[in-house]
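To start, the structure under review is shown below, and the notes come after it.
The values are calculated or read from the model by the stated rules, or taken from the named source; none is laboratory data. Model, not experiment: these values are computed from the prediction. So basically every Cβ, Gly included, is an ideal-geometry build from the backbone, and we count neighbours across all protein chains shown. Accessible surface areas use protein heavy atoms only, side chains included; no ligands, DNA or RNA. Shrake-Rupley method; radii C 1.70, N 1.55, O 1.52, S 1.80 Å.
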Amino acid sequence: RAAVLDMVYGGSPEILADTRIEVLNGTGIPGLARRTAERLERLGFQVVRVGTADVTEHTVIIDRAGRAQVTRVLADLLGNPRIAHDSAPTDVEITVLLARDYAAVLPGRVPIWPVLASLSQVPTAGR
């Protein structure tokens, strides 16, 4: 698992667990951010906050701390949404803003692609 992450993304499972991520729901579908966050946590990501945002059309991942490797992994898992950068001070390093386009990917299911399904058994560091 670690070899796959290193070979494909140039990172380690520890970098996933050491990056503080928030998942915001801009889909209008109650609970979708929470379900997505739970799936991301099972894959080894550190989700520190789940919240609600205004409904929006396009999913975006905001890299707030230069975490390009983690951002790339998230983008692949979430259907390759747009990636933005914002250096404004905050307590999270990456924000995932789920939007209507994300909700439409797999109706009735939490749409996370199985790109790194083998990572589901990776232990998380410091949790």
Item checked: So Arg72, is it outside any loop (DSSP other than H, G, I, E, B) and surrounded by fewer than 18 Cβ atoms within 10 Å (Cβ to Cβ) -> no
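To keep it simple, each residue is scored yes or no on (1) modelled with pLDDT of 95 or more; (2) within 12 Å of the chain's Cα centre (by Cα); (3) of a type in the set (Gly, Ala, Ser).
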{"residue": "Leu32", "(1), (2), (3)": "no, no, no"}
{"residue": "Leu77", "(1), (2), (3)": "no, yes, no"}
{"residue": "Leu98", "(1), (2), (3)": "yes, yes, no"}
{"residue": "Ala117", "(1), (2), (3)": "no, no, yes"}
Margin query: Looking only at the range 15-56, count every residue that is out of contact with any Phe, Trp or Tyr (no Cβ under 8 Å at 6 or more places or on another chain) and closer than 11 Å to Val70 by Cβ and tell me the total.
Written below: 7
Notebook entry, point to check: Can you name every residue in the range 42-64 that is touching a residue at least 40 places away in the same chain (Cβ under 8 Å), open to solvent by 50 Å² or more (accessible area, probe 1.4 Å) and of a type outside the set (Val, Ile, Thr)?
Noted result: Arg42, Arg49, Glu57, His58
Next item on the list: Within the range 34-65, work out how many residues are aromatic (Phe, Trp, Tyr) and modelled with pLDDT of 95 or more.
Entry: 0
Notebook entry, point to check: Can Gly79 be described as touching a Phe, Trp or Tyr at 6+ places or on another chain (Cβ under 8 Å) and open to solvent by 10 Å² or more (accessible area, probe 1.4 Å)?
Noted result: yes
